[in-house]
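Report on one structure; see the data block that follows.
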Amino acid sequence: MIEFDNDFTWESDKSIDEMMQEAYQKILLEKENGVSGYFTLGEDSLEIMEDALAYAASNEFIKKSDTIVIIGIGGSSLGTKAIDSIFKHQNTDVKKMLFLENPDEIDLSEKLASIEKEKTLFIIVSKSGSTIETISIFKEIIERFSLDFADGDKSRVTTITDEDSVLHKFSKYYGIESFLIPSNVGGRFSVLSAVGVVPLAIAGYDMKSILEGASIMAERFFTKKENHILKKAVFLTKHKKETPMNVVFSYANCLEDFTKWYVQLWGESLGKIDKQGNHTGLTPIGHIGSVDQHSFLQLIMQGPRDKTVTFIKVDNFEKDIKVPDITLKFIEKTDYINGYSFNELIDGECEATKESIVKEGINVDAVTLDVLNEKNIGKLIMYYELLTSLCGIMLGVNTYDQPGVEIGKQILLKKFTKSS
Ligand code: PA5
């Protein structure tokens with residue numbers, strides 16, 4: 001179960017109802033016209049999941065491998081990493097996942113040194129098929145592990161890409177297994193497509209429940225049972241001048257990569273030049289409670305009043321560790337916590353922080369998961385994707401492109417082609 005509530009202070013008037021109605025009609029059109037295809041991935045990806053499982057079951061090499069190395073960046077890795085980080089602690093029998101994303105020699109050396117060729121499936125994920133970081137790392141993998149695709153090594157590699165991409169051509173040429181990303185599903189909205197479903201299903205995660213959760217959330221939204229997503233999008237975009245930043249405080253370490261996924265989703269989707277030529281967007285900031293209460297919270301409480309705050313919290317961590325009933329000499333004043341569980345402590349931290357922020361008149365909302373299970377995470381992913389689309393509609397931007405990112409890529413290309 002996942003619950004949403006908010007302390008937004010605003011006067012609901014007719015214009016808000018109209019904004020909600022208009023945004024709802026527009027997102028419906030995006031769905032019906034296939035502007036983006038992520039809305040139905042909860043159902044559409046079930047078949048891909050079955051194909052991936054069948055492929056893994058028929059591949060002798062995958063059966064004996066215990067590690068999956070993902071080579072990809074941005075939308076091609078962040079969502080998969082987020083799900084792996086949340087569930088790896090609960091699933092001890094899944095394959096280990098390693099992410100090669102950044103062309104950082106220290107990170108690469110360390111990770112590459114830990115890879116055992118005989119036990120590793122390499123999955124190259126790139127929608128365009130030619131992202132320079134990803135393909136450069138793939139080249140290093142080929143050389144370092146002497147991969148010879150003509151000589152049987154092709155079963156050690158799988159690609160996930162767009163049907164029209166050069167990586168797909170490459171895969172077909174060498175007979176490498178390749179899974180396709182629907183052409184109308186962009187990188188940062190693709191975690192529930194083959195991008196996340198194939199590696200996570202092969203690793204042994206329960207993707208069926210994640211997809212089911214996503215379907216439930218999409219169905220509730222499109223049948224208007226989850227109206228609060230619309231309300232939140234209206235609230236955030238209506239107040240984009242006063243509060244252009246949204247801080248997500250996730251109260252669980254394993255949600256750290258999820259908050260990074262959210263930061264990418266919002267940043268790359270909403271930071272744009274709108275139809276009137278204005279620079280616009282909502283700035284996403286991701287933090288972990290209670291750790292960042294000891295840092296960023298000060299800025300929220302007494303710094304500029306330019307932020308809204310979202311709390312993501314888990315009611316039950318399903319462990320039972322209690323603070324021991326021990327009195328430490330000179331530190332007796334902390335004894336009030338003795339005997340309480342750590343679950344109660346982190347929950348109390350979250351509630352106390354929320355209350356203190358609300359008292360300051362700062363707008364907050366909360367997303368509460370009863371437990372960290374697959375269905376809830378599927379719902380949470382779809383919730384954030386829908387929210388992003390709605391904010392994009394209300395900001396008057398194209399949520400699904402990234403022209404600003406492309407500029408840097410062109411400059412990089414010029415720099416390297418000039419010097420070679
Ligand atoms: O959301 C996006 O479109 C980007 O973050 C891409 O996912 C990222 O640039 C990687 O691109 P590709 O999958 O083409 O390698």
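The values are calculated or read from the model by the stated rules, or taken from the named source; none is laboratory data. No experiment lies behind these values; they were computed from the predicted model shown. Because the Cβ atoms are built from the backbone with ideal geometry, glycine has one as well, and the counts that use them run over all protein chains shown.
For (1) crowded, with 23+ Cβ neighbours inside 10 Å; (2) within 29 Å of Lys96 (Cα to Cα); (3) without any contact (Cβ under 8 Å) to a residue 40 or more places away in the chain; (4) among the hydrophobic types (A, V, I, L, M, F, W, C), each residue gets a yes or a no:
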position: Met207; (1), (2), (3), (4): yes, yes, no, yes
position: Gly213; (1), (2), (3), (4): yes, yes, no, no
position: Ala218; (1), (2), (3), (4): yes, no, no, yes
position: Lys224; (1), (2), (3), (4): no, no, no, no
position: Leu255; (1), (2), (3), (4): yes, yes, no, yes
position: Trp266; (1), (2), (3), (4): yes, yes, no, yes
position: Thr283; (1), (2), (3), (4): no, no, yes, no
position: Phe296; (1), (2), (3), (4): no, no, no, yes
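Which ranges mark the strands (runs of 3 or more DSSP E) fully within the range 225-338 that have 2 or more residues being under 25 Å from the mean Cα position of the chain (by Cα), over 27 Å from Val405 (Cβ atoms) and of a type outside the set (Gly, Ala, Ser)? Here the list reads 307-316.
His239 fulfils the conditions (1) surrounded by fewer than 20 Cβ atoms within 10 Å (Cβ to Cβ); (2) at pLDDT 95 or above except for a single criterion, (2).
Which of the residues spanning the range 329-359 are among the acidic types (Asp, Glu), within 30 Å of Pro244 (Cα to Cα) and loosely packed, with under 13 Cβ neighbours inside 10 Å? Before the answer, list the steps.
So the first thing to find is which residues in the range 329-359 are among the acidic types (Asp, Glu), and the list is 332, 335, 344, 347, 349, 351, 355.
Right, trim to within 30 Å of Pro244 (Cα to Cα) and you get 347, 349, 351, 355.
Across the range 329-359, the qualifying residue is only Glu355.
Only one of the numbered conditions (1) crowded, with 16+ Cβ neighbours inside 10 Å; (2) not in a strand (DSSP E or B) is not met by Val367, and that is (2). What's the total number of residues in the range 373-404 that are more than 23 Å from Ile216 (Cα to Cα) and charged (D, E, K, R)? Residues meeting the conditions: 1. Each residue in the range 240-264 was checked for being of a type outside the set (Phe, Trp, Tyr) and under 17 Å from Thr308 (Cα atoms), and 12 pass. Applying the criterion of at least 2 residues that are under 26 Å from Tyr38 (Cβ atoms) and within 12 Å of the ligand (Cβ to nearest atom) to the strands (runs of 3 or more DSSP E) found wholly in the range 118-196 leaves 120-126, 157-162.
The set of residues in the range 126-185 that are surrounded by fewer than 17 Cβ atoms within 10 Å (Cβ to Cβ) and of a type in the set (Asp, Glu) comprises Glu140, Glu143, Asp148, Asp151, Glu163, Asp164. If you check Tyr38, Tyr55 for being of a type in the set (Phe, Trp, Tyr), over 30 Å from Phe222 (Cβ atoms) and in contact (Cβ under 8 Å) with a residue 24 or more places away in the chain, only one passes: Tyr55.
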